[in-house]
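In what follows, a structure is listed as structure tokens, so that the remarks can point back to it.
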Amino acid sequence: MTDDRKAGQALVRCAGITKYFGGVRAVNQVSLDFQAGEIVALVGDNGAGKSTLVKIFSGLHHPDEGSIWLGDTEVMHLTPARARQFGIETVYQNLSLCDNLGAAANVMLGQEPIRLRIGPLKFVDTQKSIAEARRRLSELGSTMEDMITPVRRFSGGQRQAIAIARATVNAHRLIQFDEPTAALGIRQTHATLDLIQRVAAQGVAVIVISHNLDDVFSVAHRVVAMRLGSVTLDAPLAQTSREQVVACMTGMSFGRESA
Ligand SMILES: Nc1ncnc2c1ncn2[C@@H]1O[C@H](COP(=O)(O)OP(=O)(O)OP(=O)(O)O)[C@@H](O)[C@H]1O
Ligand SMILES: [Mg+2]
């Protein structure tokens, strides 16, 4: 484990992040930090800005205002390549798999074990690649006999498992899951939540976007709620309640404490 992955140090941090899409302020003055080994649940209603924030950390969207630090380094213009190089991986809500490739090639994309190198030519060790992809999928409770046929016709749950398995290959600092269990069955949901906990235990920071508060309360250490682009709650799980989380997501009051 490198120094910046010691518990208690922020691996990724942002301050005052604002992002506009035309006249829509999708993210508004967001300041957050993500620690090694910590699972942060990011919750909020549709359109709250969750996916936009995740895409900012993966370098896909550039904030109009604010700063991002990767470890101790402030990064002025975070690109997808820089995020990836730092070890930030994302499983997106709209999965981006290569439909014309098989399960193994999708899981191992860009990380294929090489059998032989002749000058610029690389020959992938297909057997090793299939074995490694199969191992990662089985960790997610997913068994796929066919690792070769293009994934075009695979079920939503199978595609989700492939996307998650791929992200874990390279995520050594931050892994972001945008609705990881939405398309999954009960067994795969449990396996995915287990995997999220195992990845965090290895010292990776984890962000999980979910509308399922059962999932949130079963794995998260910290809950961040967003509403209309702003962070309305950032609290350790033990110091909040479902009622408070829902109130912060919806803006509706609860109990006596709320405004
Ligand atoms: N590429 C884009 N172009 C224009 N507007 C966008 C774009 N992406 C997001 N938005 C807008 O930004 C706001 C936040 O959207 P975002 O997708 O981040 O919400 P979300 O919290 O992920 O919602 P959901 O739970 O529905 O996935 C919304 O008003 C959305 O319409
Ligand atoms: Mg979203």
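Key figures for this structure:
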{"quantity": "Residue check for Val206: more than 14 Å from ligand 2 (Cβ to nearest atom), at pLDDT 90 or above and within 30 Å of Arg136 (Cα to Cα)", "calculated": "yes"}
{"quantity": "Filter result (away from ligand 1 (no atom under 15 Å from the Cβ), touching a residue at least 60 places away in the same chain (Cβ under 8 Å) and part of a strand (DSSP E or B)) within region 22-39", "calculated": "Ser31, Phe34, Gln35, Ile39"}
{"quantity": "Residues that are modelled with pLDDT of 85 or more, closer than 24 Å to Ala200 by Cβ and buried (at least 20 other Cβ atoms within 10 Å of the Cβ), drawn from region 131-158", "calculated": "Ala133, Arg136, Leu137"}
{"quantity": "Pairs where the first residue, in region 182-208, is over 16 Å from Val91 (Cα atoms) and the second is part of a helix (DSSP H, G or I) and open to solvent by 10 Å² or more (accessible area, probe 1.4 Å), C-beta under 7 Å, 6+ apart", "calculated": "Gly185/Gly157; Gly203/Arg5"}
{"quantity": "Pair list, Cβ < 9 Å and 6+ apart or interchain, from region 113-142 residues that are among the charged types (D, E, K, R) to residues that are part of a strand (DSSP E or B) and exposed (fewer than 11 other Cβ atoms within 10 Å of the Cβ)", "calculated": "Lys122/Leu116; Asp125/Leu116"}
{"quantity": "Of all residues in region 76-117 being modelled with pLDDT of 90 or more and assigned to a strand (DSSP E or B), the one that is surrounded by the fewest Cβ atoms within 10 Å (Cβ to Cβ)", "calculated": "Glu89"}
{"quantity": "Some residue of region 151-161 being more than 28 Å from Val27 (Cα to Cα), among the aliphatic types (A, V, I, L, M) and in contact (Cβ under 8 Å) with a residue 40 or more places away in the chain", "calculated": "yes"}
{"quantity": "Lone qualifier among Lys55, Lys19 - being within 13 Å of ligand 1 (Cβ to nearest atom), within 27 Å of Asn106 (Cβ to Cβ), in contact (Cβ under 8 Å) with a residue 24 or more places away in the chain and basic (Lys, Arg)", "calculated": "Lys55"}
{"quantity": "Leading residue by the ranking (most open to solvent (accessible area, probe 1.4 Å)) among those in region 58-75 that are within 16 Å of ligand 1 (Cβ to nearest atom), assigned to a loop (DSSP other than H, G, I, E, B) and not charged (D, E, K, R)", "calculated": "Leu60"}
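The values are calculated or read from the model by the stated rules, or taken from the named source; none is laboratory data. Because the structure is a prediction, the values reported are computed rather than measured. Cβ coordinates were reconstructed from backbone atoms using ideal geometry, including for glycine residues, and neighbour counts include every protein chain displayed. Keep in mind that these areas ignore ligands, DNA and RNA; they rest on the heavy atoms of the full protein, side chains included. Shrake-Rupley method; radii C 1.70, N 1.55, O 1.52, S 1.80 Å.
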